Amino acid sequence: MNFTRWSARLPGTQRRAAARGTDPGTPSASRGDGVPAARGEAGGGQGETARQTPDHQEPDHPEPGHPGSGRPAPGPSAADPREAATPADGSRPALAPDLERPTDDAPALEDFPVREILGRLPGLVALTYGTQHRVAYVNDAYAAAFGPRRAGTAVAAGCPELAELGLLPLMDQVLRSGKPRTVKSRRTQAGGSYTVTCLPVETHAGTGPDGSAPDGSGPGNGGAAGAGVLVHATDVTDHAEAVERLRASERRHRETAVTLQRSLLPQELEQPDDLRVAATYQPGVTDAAVGGDWYDVITLGAGRTALVIGDVMGRGVRAAAVMGQLRTAVRAYARLDLPPHEVLQLLDGLAAEIDASQIATCVYAVHDPNEGRLVYASAGHLPILVRDEDGTVRRASDPTGPPLGTGGWLHSSGSIALPPGSTAVLYTDGLVERRREDIDEGVSALERALTGATGSPQVVCDRLLRSLGVTAEHDDDVAVLVLQHPAREGADAELFHNAALDLLGGVEAAPRARAFASGVLSSWRFPVELRDLGVLATSELVGNSLQHGTPPMRLRLRRTDRRLIIEVTDGDDHLPRRRRAETEDEAGRGISIIATIASSWGSRRTPGGGKAVWCEFALPDRPAG
């Protein structure tokens, strides 16, 4: 880009200079030939004939569109001759003949003071020359921003701001390639931000006889003669600060949403006696893109544990809020100790009431240590995976119902074995779903990862996340719940025992039950006080069943490392409730006595019909060592 000669090379400029007889780029002997040729090329044959008329007289038949011709100019629009059809190849459309013909009063581009224009530009302008990028010129805006710069000083030593912006390698590249380059929103140490364009320029001033520049660059020396770079910088500090404030606001919004969701998740998982449980939750990296993933572990009593995981469709604070309501409802319904499919049936109706536009998937499972199985119901959720002790992975295959909130569906329960030494995994779709992949492929990949995942539940969680490629940059929420049914051996196994007695006959079953309980509790080496309370609770539960229940009846005693559980089942599905007995009443005090002496008590309906009534006693802490 030559500031002294580039404008004289334009065709229009040449015609105007030739008309004045002062074309600086051609000899005086050839100036007369240039005018007719240029005009003939622009105006056609009629224009050339007109210019050959003596004293520049107008021809008898002026051109269409010429002043005084009375005929409109040809083209798409007579009102605006500049409207020319755009060529099919997308090139610049040819202008109308009148627009190509210069007027006598139009100044040439070289008539404008380029230095003064550059000096008044609000943008920062610096002009350098040579391979060492010596300063040739800086405008007033540049001097006001960074101070005046001495001409001839190398940029590396005299313009530290350009080095701070990282422009020196860019300027070298512009010199070598001859192509402009732009960098956006670069920051200086002073805190200003600039968008900078480096443009290759060319000057013939100061070149030696061999075509080399004053600094030695030129042909044969690694640079073009007179090559330089024009640096134009726009101050975008306000824009960059606004962008940073917006990003900070988005980060705060996301942190708020993540905090909300984490506060709605369990802060500490309940740890059942017979299971080891761990869970992890990782929000997606998208801005404020927390989803509705949740999980929970709920101890139901009598050694039974409910495990739940779900995912509210959608993202953001609204999905997290719906998730919080569903999780609260699950805990409330779980206290009723209902079968899994009945819990989902209640959740289905509640989800539609909370927000008809939000649907959710969920799986609710119950583990009973006496049965060694997971009984579950699923509402559109991904299947539970179980890894046996030998590494075999099984997938829960019972059919699932539609997601929560759709309505009109009767959910059903299924079951999958969970023997000692096995591990079960409940998870959300963020763990296995990938773009351009079928979700079944992701579930299969999870099965392969689970085959070799051993260790504690938390270790298994971490290994599954790594194996499935879930990192801090993952684009979707992920929730994983891992439970293990440990295989106990040695001294640990001595802390877990079961004993059961079928209650046959009539009222004579009560003394047999008391004797059985006394003998079992003595063999388990319980303190005398706890043994007496256990026998009393057994007597009340068996007496209540004999009076109000129907056969078959069964007494089950169970101890864990933390509690004693006494449970009586019978064939009647009427659940007892605690009530206040009057002074003259002869019955109705059994459940009140149980509630008074036991740590907790409860009742539930059994799957085959009937009910189970149970109570628990907390065991004293074992001495350390």
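The values are calculated or read from the model by the stated rules, or taken from the named source; none is laboratory data. These numbers come from a predicted model, not from an experiment. Because the Cβ atoms are built from the backbone with ideal geometry, glycine has one as well, and the counts that use them run over all protein chains shown.
Things worth noting here:
- The residue that is nearest to the chain's Cα centre (by Cα), counting only those in region 426-443 that are surrounded by 20 or more Cβ atoms within 10 Å (Cβ to Cβ) and of a type in the set (A, V, I, L, M, F, W, C), is Leu431.
- Checked against the criteria, Glu540 does not count as closer than 20 Å to Ser592 by Cβ, of a type in the set (D, E, K, R), part of a strand (DSSP E or B) and touching a residue at least 40 places away in the same chain (Cβ under 8 Å).
- Unmet requirement for Met171, which otherwise passes all of (1) farther than 14 Å from Leu127 by Cβ; (2) touching a strand residue (DSSP E or B) at 6+ places or on another chain (Cβ under 7 Å); (3) in a helix (DSSP H, G or I): (1)
- Close pairs (6 angstrom Cβ cut-off, 6 or more residues apart or separate chains): in the same structural domain as Glu202 (by TED's automatic domain parsing) in region 106-133, modelled with pLDDT of 85 or more and among the acidic types (Asp, Glu) anywhere: Gly119/Asp140
- Search result, residues across region 441-465 that are free of Cβ contacts under 8 Å to residues at least 60 places away in the same chain and closer than 14 Å to Val482 by Cβ: Ala449, Thr454, Gly455, Val459, Arg463, Leu464
- Number of residues in region 246-265 that are surrounded by 15 or more Cβ atoms within 10 Å (Cβ to Cβ) and either under 30 Å from Leu418 (Cβ atoms) or of a type in the set (D, E, K, R) (or both) equals 4.
- Single residue of Val308, Val343, Val322 found to be of a type in the set (Val, Ile, Thr) and either assigned to a loop (DSSP other than H, G, I, E, B) or modelled with pLDDT under 90 (or both): Val322
One line per residue, one yes/no per condition, for (1) outside any loop (DSSP other than H, G, I, E, B); (2) in the same structural domain as Ala306 (by TED's automatic domain parsing); (3) within 26 Å of Ala319 (Cβ to Cβ):
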residue	(1), (2), (3)
Thr423	yes, yes, no
Leu426	yes, yes, yes
Asp440	yes, yes, yes
Ser444	yes, yes, no
Leu450	yes, yes, no
Arg463	yes, yes, no
Asp476	no, yes, yes
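- Residue selected from region 369-405 under the condition among the polar types (S, T, N, Q) and surrounded by fewer than 15 Cβ atoms within 10 Å (Cβ to Cβ), by the criterion nearest to Gln484 (Cα to Cα): Thr392
- Where a residue in region 266-278 is farther than 23 Å from Ala320 by Cβ and in the same structural domain as Thr423 (by TED's automatic domain parsing) and its partner, wherever it lies, is of a type in the set (Val, Ile, Thr) and surrounded by fewer than 16 Cβ atoms within 10 Å (Cβ to Cβ), with Cβ under 8 Å and at least six apart: none
- Selection within region 597-615 - farther than 13 Å from Leu575 by Cβ and among the β-branched types (Val, Ile, Thr): Ile597
- Number of the exception - Leu521 against (1) in contact with a Gly (Cβ under 7 Å, 6 or more places away or on another chain); (2) within 25 Å of Arg577 (Cα to Cα): (2)
- Restricting region 366-387 to residues that are small (Gly, Ala, Ser) and more than 29 Å from the chain's Cα centre (by Cα), the residue that is farthest from Ala499 (Cα to Cα): Ala377
- Verdict on Ile566 being at pLDDT 90 or above, in the same structural domain as Ser518 (by TED's automatic domain parsing), over 53 Å from the mean Cα position of the chain (by Cα) and not polar (S, T, N, Q): no
- Some residue of region 147-165 being touching a residue at least 24 places away in the same chain (Cβ under 8 Å), surrounded by fewer than 17 Cβ atoms within 10 Å (Cβ to Cβ), of a type in the set (A, V, I, L, M, F, W, C) and assigned to a helix (DSSP H, G or I): yes
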